Amino acid sequence: MQSRLAKSLYLGLAALSFGAVASVSTTASAKSKAYVVSNTTMTSDPTTRNVALTGSNAIYTKPGTAAGARVVASKYTAGNLANSKNSAYYFRAYRIVKTNRGSIYYKVVSMSGQYRGYIYGGKTANEYAGGVQAANTMTDAKLPATTTATFANPGTKNVTWAAPKYAQYKSTKMVKSTVPYAKDTLKITKAATKTREGWLYYYVEDAQNPNVNGWIYADALKIADANTIDAKDGITLNFVDKATGSAISSKVVAMPKGTTNSVTNYQAIQLANANIPAGYTYSLMGSSSTVAKGGSIVVYLIKNPTKLMNMTAKVYNADAPADAQTVLTSAWNSTANQDALKKDDFFSPTEGAIVKGTDIDAHLAKANLKEFVVKTVPTADNLGSVAYQFKLETPVDTVASSKTTTSIFYSATKGTVKASVNNGAFVPDAK
């Protein structure tokens, strides 16, 4: 009996000792975690709080060294966002947190609203370091020679914004449609490019309707020609395709300096070569005689050779899974898709021709390449396929050249396609 009692006392003491050790261990672990000593809202001008990630630190639900902090964007993802060419992955800092260790954390949110959390920002408040750095989302550009314009294609697609989309957090549209203002005269007062994409934007002011004032994509404007000359005050050049005899275009040009009543054949040739339409090369003049002021002359041109545009498809969004680019490249280079591009004469422009981004958009839609889904491997349950949905981002203007490659950007979304779900349509993965 005494032996049993002693054994019970020994086991009880052992259990008690173990519990005490465990308790001490847990407390020590908790004490090793940092804790917040101050948490304040940033009150400086919001536009001065735009930041870019550096890729050196992850984003967490709490300051990274605090107990219970969970990863919002890993260091690997942060690296991709830092190198992104998409303004959606700039961030806005709006709170400063200081821990008992003297570390500064910023609470940030991506311009798209997709990522939100805390990231290490160095040791000094309001001096970005560590995982973030100050960012200029827009870069000043030169104003055009002519600052008077109208809306090129009035509608709902390209409207004015308080700031270009994603250049500032929660930027808003000034108007939903430019149709009611189709005949308004606009004055361009500022010019800037989106730093990451390089897209040009103008700030326009509408004297008739000031509510329209805002930033707009440059190609959405029709800028007045400051060099418009009355036909009676210059020479009209009538450009004609030498091979077909078809009219190409006409342009009135000013009289050369030092001339008043007429231009020589040599001067007319110089004027013609200085004003040749894109995609053509000078051949000869329709006449060798002098041209009187207010007169016209035919200029024969040769159409430059055509060639299929060098284009490559690229994934635009930095948060896309690593294999998205491989899937997109394979789909883009497929025989079916390349044949569709080759059959459309639009994609075989003359060398040196200007190719409008809006036209690229329209013709890719015609080829079913504006938005498409690519199935990859079977799903884990073998009831469908893992798939990607690719959506075309707004193309920019380019110049047709055999020496350059035009990048066509797509946003990529991973998901599945199952006959039994959503009528067999693409379903994005839950985030």
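Restricting attention to the range 201-234, the residues that are in a strand (DSSP E or B) and in contact with a Gly (Cβ under 6 Å, 6 or more places away or on another chain) total 0.
Do we find a residue being outside any loop (DSSP other than H, G, I, E, B), touching a residue at least 60 places away in the same chain (Cβ under 8 Å), of a type in the set (Ser, Thr, Tyr) and over 24 Å from Thr146 (Cβ atoms) anywhere in the range 280-292?
Filtering the range 280-292 down to residues outside any loop (DSSP other than H, G, I, E, B) leaves 280-285, 291-292.
Filter once more, so that each one left must be touching a residue at least 60 places away in the same chain (Cβ under 8 Å): 280.
Restricting the remaining residues to those that are of a type in the set (Ser, Thr, Tyr) gives 280.
Narrowing the set further to residues that are over 24 Å from Thr146 (Cβ atoms) leaves 280.
Yes, some residue in the range 280-292 is outside any loop (DSSP other than H, G, I, E, B), touching a residue at least 60 places away in the same chain (Cβ under 8 Å), of a type in the set (Ser, Thr, Tyr) and over 24 Å from Thr146 (Cβ atoms).
The single condition among (1) aliphatic (A, V, I, L, M); (2) touching a helix residue (DSSP H, G or I) at 6+ places or on another chain (Cβ under 7 Å); (3) assigned to a loop (DSSP other than H, G, I, E, B) that Leu237 does not meet is (3).
Considering only residues that are charged (D, E, K, R), without any contact (Cβ under 8 Å) to a residue 60 or more places away in the chain and either under 19 Å from Tyr166 (Cβ atoms) or not assigned by TED's automatic domain parsing to the domain that holds Gly121 (or both), which ones fall in the range 46-87? Even if it seems obvious, please write down each step before you answer.
Of the range 46-87, the ones charged (D, E, K, R) are 49, 62, 70, 75, 85.
So of that shortlist, the ones also without any contact (Cβ under 8 Å) to a residue 60 or more places away in the chain come out as 49, 62, 70, 75.
Result: Arg49, single match.
Checking the structure you have, find out if any residue of the range 88-102 is under 16 Å from Lys62 (Cα atoms) and without any contact (Cβ under 8 Å) to a residue 40 or more places away in the chain.
Among the residues of the range 88-102, at least one is under 16 Å from Lys62 (Cα atoms) and without any contact (Cβ under 8 Å) to a residue 40 or more places away in the chain, which makes the answer yes.
Counting residues in the range 252-265 that are part of a strand (DSSP E or B), out of contact with any Gly (no Cβ under 8 Å at 6 or more places or on another chain) and in contact (Cβ under 8 Å) with a residue 60 or more places away in the chain gives zero.
Yes/no per residue for (1) assigned to a helix (DSSP H, G or I); (2) touching a strand residue (DSSP E or B) at 6+ places or on another chain (Cβ under 9 Å); (3) modelled with pLDDT of 90 or more:
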position: Val298; (1), (2), (3): no, yes, yes
position: Leu301; (1), (2), (3): no, yes, yes
position: Thr312; (1), (2), (3): no, yes, yes
position: Gln325; (1), (2), (3): yes, yes, yes
position: Thr329; (1), (2), (3): yes, yes, yes
position: Asp359; (1), (2), (3): yes, no, yes
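Each row is one residue, and each column tells you yes or no for (1) assigned by TED's automatic domain parsing to the domain that holds Glu351; (2) in contact (Cβ under 8 Å) with a residue 24 or more places away in the chain; (3) not in a strand (DSSP E or B).
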site: Ala362; (1), (2), (3): yes, no, yes
site: Leu369; (1), (2), (3): yes, yes, yes
site: Asn382; (1), (2), (3): yes, no, yes
site: Ala387; (1), (2), (3): yes, yes, no
site: Val396; (1), (2), (3): yes, yes, yes
site: Thr404; (1), (2), (3): yes, yes, yes
site: Ala412; (1), (2), (3): yes, yes, no
site: Gly415; (1), (2), (3): yes, yes, no
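The values are calculated or read from the model by the stated rules, or taken from the named source; none is laboratory data. Computed from a prediction, not measured in an experiment: that's the story for all the values here. No Cβ is skipped: glycine too gets one built from the backbone with ideal geometry, and neighbour counts run over all protein chains shown.
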